[in-house]
């Protein structure tokens, strides 16, 4: 029987021990463990990788600690615009949404686009109407109005800048210094006992973002990719550079066309190709044999994995 496995992430960037109190670190660790176990329990029961990925990401979207779903950052207008994508390695099915508002779980909408429409990518009001047609749950603005994200937005407005998701400083306040940055995204990759791979990514984007900015998270091949012959990938990093580098697909290509192992391909993309162009962040990956990699070139990455008896939950390098 195949060794089913799952990996999840909650964002990468400048994540230092000095930036998190022991209490806050425990909250992140507990949230990662809960999402990891929710997804892995599906795999252990013989469920699909796609179900495991959607469940794990939905769990993270429901947690206000992460920049996705309920914890999404504010845009320049004081609202929340969310993006998500999902892909299955069997038949290259894919679905994505961008710039959606008030949908409780964007990852579920992305899956609905994949399975219930003839399209791959829906945006804005049209995507929201499709969600209503699919009877997916919506939440009011108050559900997404978290105090920490509001404070981040207020700080960003003072400079009229657009900021990455930010760490909590040592004093517990939002820190919007450009050198203290975190790429706020959540994602999951999984392999089930039938040999099917799946990947998904969800985000609230950048604090104070303008003009309908969209990053790599909902873009198939850039932030998310799955191929049963190679691997499943979910990325977290500086979206513009991940888009230009087609990061998720690049890892798969290096395995398929150059014969690299998952570890070799991930190292080549994250530690060499991205670094060469100033691209900061990381990714989670699982191959068709159940091997898992979680590389990042930033100070830290909220991450967790479970593969049989092997389990890891970590934040820092």
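The values are calculated or read from the model by the stated rules, or taken from the named source; none is laboratory data. What you are looking at is a predicted structure, and each value in this text was computed from that prediction instead of being measured. Cβ: placed from backbone, ideal geometry, glycine included. Neighbour counts: every protein chain shown.
Quick notes
- Boolean, residue 199 is outside any loop (DSSP other than H, G, I, E, B), touching a helix residue (DSSP H, G or I) at 6+ places or on another chain (Cβ under 9 Å), touching a residue at least 60 places away in the same chain (Cβ under 8 Å) and within 25 Å of residue 38 (Cβ to Cβ): yes
- Residues located in region 292-316, provided they are over 17 Å from the mean Cα position of the chain (by Cα) and not in a strand (DSSP E or B): 299, 308, 309
- Test: residue in region 258-276 that is within 18 Å of residue 13 (Cβ to Cβ), in a loop (DSSP other than H, G, I, E, B) and free of Cβ contacts under 8 Å to residues at least 40 places away in the same chain: no
- Those helices (runs of 4 or more DSSP H) lying entirely in region 1-120 with at least 3 residues under 16 Å from the mean Cα position of the chain (by Cα) and at pLDDT below 95: none
Quick grid of which residues meet (1) over 24 Å from residue 130 (Cα atoms); (2) touching a helix residue (DSSP H, G or I) at 6+ places or on another chain (Cβ under 8 Å); (3) in contact (Cβ under 8 Å) with a residue 40 or more places away in the chain:
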{"residue": "24", "(1), (2), (3)": "yes, no, yes"}
{"residue": "28", "(1), (2), (3)": "yes, no, yes"}
{"residue": "33", "(1), (2), (3)": "yes, no, yes"}
{"residue": "38", "(1), (2), (3)": "yes, yes, no"}
{"residue": "60", "(1), (2), (3)": "no, yes, yes"}
{"residue": "72", "(1), (2), (3)": "no, yes, yes"}
{"residue": "79", "(1), (2), (3)": "no, yes, yes"}
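- Hey, residue 131 surrounded by 14 or more Cβ atoms within 10 Å (Cβ to Cβ), outside any strand (DSSP E or B), touching a residue at least 12 places away in the same chain (Cβ under 8 Å) and in contact with a helix residue (DSSP H, G or I) (Cβ under 7 Å, 6 or more places away or on another chain) or not: yes
- When the residues of region 143-161 are filtered to those that are out of contact with any helix residue (DSSP H, G or I) (no Cβ under 7 Å at 6 or more places or on another chain) and in a loop (DSSP other than H, G, I, E, B), the one that is modelled with the highest pLDDT is 145.
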